[in-house]
Amino acid sequence: MSRSALQVPLVCGAFALFLTGCVINLPLRPSSERRERMTLETLIEPERFWTTDKVLLVGIDGVLSSAPDEGGLFAKPSTLVQLKDVLKKAEEKESIRALLVRVNSPGGSVTASDLAYRELQRFKEKTGKKIVVIFMGVGASGGYYAAMAADAVFAHPTSVTGSIGVIAMFPELSELGRKIGFDMRVIKSGPLKDIGSMWRGFDEGEREVLQETIDSMYARFLDVVRRGRPNLDAETIRKLADGRVFEAAKAKEVGLIDEVGYIDDAFAAAKELANVADASLVTYRPPFDYRGHYYASPPPSSPVASPQVNLLNVDLDGVLPPNEGPFYYLWMP
């Protein structure tokens, strides 16, 4: 058989692998190596060619998670790892005078949301540089939580924001189990060891225990908002924090954001806060990622999709990041 004849089945076989979902993930590179391979790309040129000051555009996209994206040929680091890498790189560059953080996220796990907030807060404390956030389609729940590290918060005119609160979901399949003749036998060290099990309802006192946990996480969220929105008193924040979402104009009216505008408006505000008359807008581009302009973004680490209950691990497949517990700062209508 000729060499050219062999190439046809080889190519068809490779194509069939992708069609059947048989995709190999290549291992992630260490953070230090990924940072070294990042390149600084200019999105908006400065007005004057001799200007060296820069505003760095940082993206927070998709469900906030500490879990890496395992889909596709190349495994991608989690949202948090990408954020940490970019901020670490930005700390080392004196010409970067401010951050413009573009958020398009409904939130995510409680811990991932808190860590995203902490990383932005830590960057401000370490460098003294200003942060401006702009919400795109959605900046809700944990996405709003992370934005509270900013010095100014903008929202695109069609943004949805707010959803201040905590949610935990515990499916109950005991009736289904009885219908199909399935039962779960549990041996446990204490009465609350399997609290929230999908194979039975809540026992006496279990709902109160879980509610106490929710209330504690909710109080933390309220405190973060109080520090991030000093124009609002605690009573006003609590009234706004019943889980509802607000469109951009209403969010400004009630004080949850500072301005309604577009990315160029937020860019102008970042320059003003940094006390620079002129600056370029730049972003760090990881290898093989497309940027090109300030609307471009990588695929989210956890895609937002319709919730489907996965009976094996009770994650909402395609919506909630795996192995991050049942508690979320997440807007999920």
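Tabulated results
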| item | result |
| --- | --- |
| Inter-label distance for Ala219 and Asp264, nm, one decimal - labels placed 7 Å from Cα along Cα-to-Cβ | 4.8 nm |
| Length released on extending from Thr39 to Arg226, taking residue separation times 0.36 nm less the Cα-Cα span | 63.6 nm |
| FRET E, pair Lys93, Ala249, Förster distance 35 Å, beta-carbon r, rounded to 0.05 | 0.45 |
| Segment 41-71 versus segment 213-249: alpha-carbon centroid distance in Å | 28 Å |
| Additional length obtainable on full extension of the chain from Val276 to Glu212, 0.36 nm per residue less Cα span | 18.3 nm |
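Any read-out appearing in this document is the output of simple, stated calculations on the displayed coordinates, not a laboratory observation. Keep in mind that this is a model prediction, so the values were computed, not measured. Don't worry about glycine lacking a Cβ; one is built from the backbone with ideal geometry, like all the others, and counts go over all protein chains shown.
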